Amino acid sequence: MNNSIALVICSTLLGFCLSLIVIALLQKKKNTASPSRDKKQIKRLERKLNQALATDNRVASTPTFRQSLDKASLTTEFQVPKLLNQARIHQPPPEKYTIFKKLISQGLSKEEIASVLSISTVEASQLMNLHSMTKPNSST
C-alpha cells in the first residue's frame, strides 16, 4: 500500500514538473515572437498619430481665428458703453440734481422736494442723505 501511494505521489509530481516546463517553454516562445509584432503596432500607431496631427493643424487654424475675431468684437461691444461713460465725466450733472441742490439750500422738506421733482419721498430722502454726506462740515 505504501508503494502505491509513493508511486501516485511521484507520478503527480512528475506530471506537475513537466507541465511547468511546457508552460515555461511556451512563454519563452511567445516572448521571442512578440517584438516584431510590437514594432509593427508601434509603426501603425505612429502613422495614425502623424495623420491626426496633420489634419488637426489644418482644421483648427480656421475656427481659432474666427473665435478670436468673435471674441474681439464682443469685447469691443462691451467696452463702448464704458468709453461713453468715461467721456461724460466732464459734463455737468443732470438738471434734476442741480434743481435738487437749490431746493435743499432753500430749506424745503423731502416731501416738498419730491413733489417739485416728481420723485418719491424715499428717493428725495436718499438724495438728502447723500447731499449731507458731501458737505465739508458734516458731523458724522
Exercise for review: Could you grab the pairs with beta carbons closer than 8 Å, sequence gap of 6+ or different chains, first residue in the stretch 75-100 and within 30 Å of A114 (Cα to Cα), second one surrounded by fewer than 10 Cβ atoms within 10 Å (Cβ to Cβ) and at pLDDT 70 or above?
Suggested key: T98/P92
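Filter the stretch 1-15 for residues that are of a type in the set (A, V, I, L, M, F, W, C) and surrounded by fewer than 10 Cβ atoms within 10 Å (Cβ to Cβ); which is nearest to the chain's Cα centre (by Cα)? So that I can check it myself, show each step before the final result.
Initial filter on the stretch 1-15 (of a type in the set (A, V, I, L, M, F, W, C)): 1, 5-10, 13-14.
Restricting the remaining residues to those that are surrounded by fewer than 10 Cβ atoms within 10 Å (Cβ to Cβ) gives 1, 5.
Values: M1: 80, I5: 74 Å.
Checking each candidate, the answer is I5.
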Check your understanding: Got a sec? Which of A124, A114, A87 is open to solvent by less than 100 Å² (accessible area, probe 1.4 Å) and modelled with pLDDT under 75?
Key -> A87
**Study point:** Cβ pairs under 6 Å, 6+ apart, first in the stretch 115-132 and without any contact (Cβ under 8 Å) to a residue 24 or more places away in the chain, second outside any helix (DSSP H, G or I) and open to solvent by less than 60 Å² (accessible area, probe 1.4 Å)
**Key:** S132/S138
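The values are calculated or read from the model by the stated rules, or taken from the named source; none is laboratory data. The shown structure was predicted, so the numbers you read here are calculated from the model rather than taken from an experiment. No Cβ is skipped: glycine too gets one built from the backbone with ideal geometry, and neighbour counts run over all protein chains shown. Please note that ligands, DNA and RNA were not included when accessible areas were found on the heavy atoms of the full protein model with its side chains. Shrake-Rupley method; radii C 1.70, N 1.55, O 1.52, S 1.80 Å.
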